[in-house]
1. Which condition does P238 not pass, out of (1) open to solvent by 30 Å² or more (accessible area, probe 1.4 Å); (2) in the same structural domain as V321 (by the TED database), if it passes all the others?
2. Can you find even one residue in the range 343-350 that is over 22 Å from the mean Cα position of the chain (by Cα), in the same structural domain as P268 (by the TED database) and over 18 Å from L287 (Cα atoms)?
3. Of all the residues that make up the range 293-316, how many are in contact with a helix residue (DSSP H, G or I) (Cβ under 7 Å, 6 or more places away or on another chain), surrounded by 14 or more Cβ atoms within 10 Å (Cβ to Cβ) and under 20 Å from C357 (Cβ atoms)?
4. Could you run through the range 317-330 and say how many residues are open to solvent by 10 Å² or more (accessible area, probe 1.4 Å) and either β-branched (V, I, T) or touching an Asp or Glu at 6+ places or on another chain (Cβ under 7 Å) (or both)?
5. Just wondering, is there one or more residues in the range 204-215 that are touching a Pro at 6+ places or on another chain (Cβ under 9 Å), of a type in the set (S, T, N, Q), over 22 Å from K482 (Cα atoms) and open to solvent by 30 Å² or more (accessible area, probe 1.4 Å)?
6. Looking at the range 165-182, can you tell me whether even one residue there is within 24 Å of Y381 (Cβ to Cβ), in a loop (DSSP other than H, G, I, E, B), among the polar types (S, T, N, Q) and outside the structural domain of S304 (by the TED database)?
7. Residues being farther than 17 Å from M153 by Cα, open to solvent by less than 30 Å² (accessible area, probe 1.4 Å) and not in a loop (DSSP other than H, G, I, E, B): count how many of those fall in the range 185-199.
8. Filter the range 142-184 for residues that are basic (K, R) and open to solvent by 70 Å² or more (accessible area, probe 1.4 Å); which is nearest to F220 (Cα to Cα)?
Amino acid sequence: MFHSKKKDKQFFNEMRCFFLLFLSLQEDDVDLEALVNDMNSSFESLYTSCSVQTESTPLLHNGQLPRHAAYHTHAQPTSPHQRLHRSQPMHILAVRKLQEEEQQYRTSSLPAIPNPFPELCSPASSPTLSSGSLPQCQPSGKYIIKVFSEDGMGKVVEIPADMTARDLCQFLVYKNHCVDDNSWALVEHHPALGLERCLEDHELVVQVQASMTSESKFLFRKNYAKYEFFKNPLNFFPEQMVAFCQETSGTIPPSQLLQNFLNSSSCPEIQGYLYVKEMGRKSWKKLYVFLRRSGLYFSTKGTSKEPRHLQLLADLEDSNVFTVITGRKLHNAPTDFEFCIKPNKVRNEVKELRMLCAEDEQSRTCWMTAFRLFKYGILLYQNYKIPQQRKTLLSHFSAPVRSVSENSLVAMDFSGRIGRVIDNPVEAQSAAMEEGHAWRKRGKRMNILGSPSPLHPSSLSGVIHRTQLWFHGRISREESHKMIHQQGRVDGMFLLRDSQSNPKAFVLTLCHHQKIKHFQILPCEEDGQMFLSLDDGATKFTDLIQLVEFYVLNRGVLPCKLKHPCTTVAL
């Protein structure tokens with residue numbers, strides 16, 4: 001069966017119309033007339049070459065004719081079964097040429113059309129992504145992660161791809177029956193590098209896990225200082241370290257300090273000296289550094305801010321700031337106040353880390369807080385406001401809960417018919433001491449009359465404090481420093497522990513103005529009964545719980561009241 005020349009010409013015309021219709025549907029600015037002329041010439045040459053050939057052409061081998069049978073006019077006759085039925089008399093090279101020309105004219109602004117049948121493509125050319133290589137912008141599915149507590153125990157949880165760090169913390173608080181005071185945080189911990197940081201509430205846990213190694217892990221702990229800079233900005237941003245690129249008249253009031261950091265149109269910067277570790281070396285160099293929205297820079301000429309004297313140290317967009325937990329021995333740091341800027345692409349390469357050292361704790365806190373503000377901006381303020389808005393929303397649907405503020409507590413005298421408020425502080429103190437003595441006498445009388453039992457106050461006073469979250473037993477001074485530093489050096493952060501020097505005494509570890517202080521609690525005897533005192537017997541308590549409750553409401557001899565207990569949770 002053979003095709004006539006008339007049918008071949010008709011087929012060429014149909015193909016020409018098809019290509020014209022295809023080009024008319026494209027939105028690219030293509031010279032249609034020139035392309036049609038090229039296509040006509042290609043079809044004419046192709047048609048003439050096909051007409052020269054005989055009606056019977058040998059079978060093509062990989063798109064080409066055999067050498068012994070190409071364009072032979074007097075070919076040997078073959079059987080009808082061996083002859084090729086040309087249903088598409090078009091040369092494959094001509095089609096490829098047209099496709100390449102069309103691809104050149106296609107603009108890059110057109111959206112790519114996804115392949116509806118990825119299983120028909122080979123793995124090498126398949127446009128679909130393999131499992132585990134999903135883009136970070138659009139994760140999907142379920143993922144398994146493991147979260148560890150302070151005691152080293154871990155819990156495996158299955159989370160969706162769009163779960164944030166705040167949502168995961170809320171889930172763990174609910175599962176472990178913790179007190180939800182909006183101070184729990186998820187910590188990214190790298191033991192091989194000696195780094196860790198608290199995830200921001202809006203960060204996706206799956207994306208952070210994708211940049212971690214097998215040795216890295218998530219920790220679930222408290223962090224009271226996460227948004228403390230919104231409450232006390234002057235404690236976090238010293239006046240000598242904050243500057244502005246534009247000329248300003250006078251100093252900026254504290255109320256507008258954070259507004260300038262959150263406002264994208266303003267140009268604040270943090271400036272000061274830092275010890276910078278040289279890349280690939282163990283030596284440190286003291287440089288004058290500037291932290292801006294565009295990145296971290298150092299000056300090559302003293303304290304000059306001219307652009308020609310500034311060199312980029314680290315970028316903020318694709319990096320995160322970490323606290324160095326290995327101490328100054330590993331990196332031979334000049335001070336104890338070390339921090340690091342780690343690019344997201346870096347996993348275990350220590351050479352790619354930007355190791356920095358500040359002069360004191362306040363300076364390090366200022367640099368790290370400013371880094372977070374410059375990178376995330378208004379997102380941090382929204383994360384800070386979400387718990388307060390949720391609490392306000394729940395108050396409209398739940399039963400009213402009585403809240404007693406420490407400022408609303410007053411001394412009362414109920415000795416007469418009608419109770420009265422004691423305004424004189426001296427009288428209030430004497431009334432409190434009289435009530436305390438009366439309470440002790442009643443307790444002593446009950447101890448004499450009552451029978452000894454496991455629930456007796458005298459038997460519980462020595463061990464009941466061990467059930468409290470703020471008591472950590474026999475830990476060292478260095479371990480108490482580490483725990484308070486991990487959970488935030490805010491005013492009122494405290495814990496109690498056994499004294500290592502006196503087996504009958506205890507130690508109160510308290511944080512005030514980012515400094516950690518220790519106060520010894522000594523036993524004292526009065527009327528044959530043992531008490532505990534923090535001020536050499538001036539104020540006595542029967543147990544540690546009573547002592548803590550007193551100093552939560554009264555500062556006494558302490559620099560500040562007890563506010564935030566340093567607690568740990570077992571998952």
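1. For P238, the failing item is (1).
2. No, that holds for no residue.
3. Looking only at the range 293-316, we keep the residues that are in contact with a helix residue (DSSP H, G or I) (Cβ under 7 Å, 6 or more places away or on another chain), and these are 293, 299-301, 316.
Next, from what is left, pick out any that are surrounded by 14 or more Cβ atoms within 10 Å (Cβ to Cβ): 293, 299, 316.
Checking which are under 20 Å from C357 (Cβ atoms) leaves us with 299, 316.
Of the residues in that region, 2 qualify.
4. Selection size over the range 317-330: 6.
5. Checked against the condition, which is being touching a Pro at 6+ places or on another chain (Cβ under 9 Å), of a type in the set (S, T, N, Q), over 22 Å from K482 (Cα atoms) and open to solvent by 30 Å² or more (accessible area, probe 1.4 Å), the range 204-215 yields at least one hit.
6. There is at least one residue in the range 165-182 that is within 24 Å of Y381 (Cβ to Cβ), in a loop (DSSP other than H, G, I, E, B), among the polar types (S, T, N, Q) and outside the structural domain of S304 (by the TED database).
7. Adding up the residues that qualify gives 3.
8. Residues of the range 142-184 that are basic (K, R), as a first pass: 142, 146, 155, 166, 175.
Then keep just the ones that are open to solvent by 70 Å² or more (accessible area, probe 1.4 Å); that gives 142, 146, 175.
On the way: K142: 21, K146: 10, K175: 13 Å.
For the range 142-184, the residue satisfying everything is K146.
The values are calculated or read from the model by the stated rules, or taken from the named source; none is laboratory data. Just so it is clear, the model here is predicted, and its values are computed rather than measured. As a convention, Cβ positions derive from the backbone with ideal geometry for all residues, glycine included, and neighbour counts pool all protein chains shown. Side chains included, ligands, DNA and RNA excluded: accessible areas come from the protein's heavy atoms. Shrake-Rupley method; radii C 1.70, N 1.55, O 1.52, S 1.80 Å.
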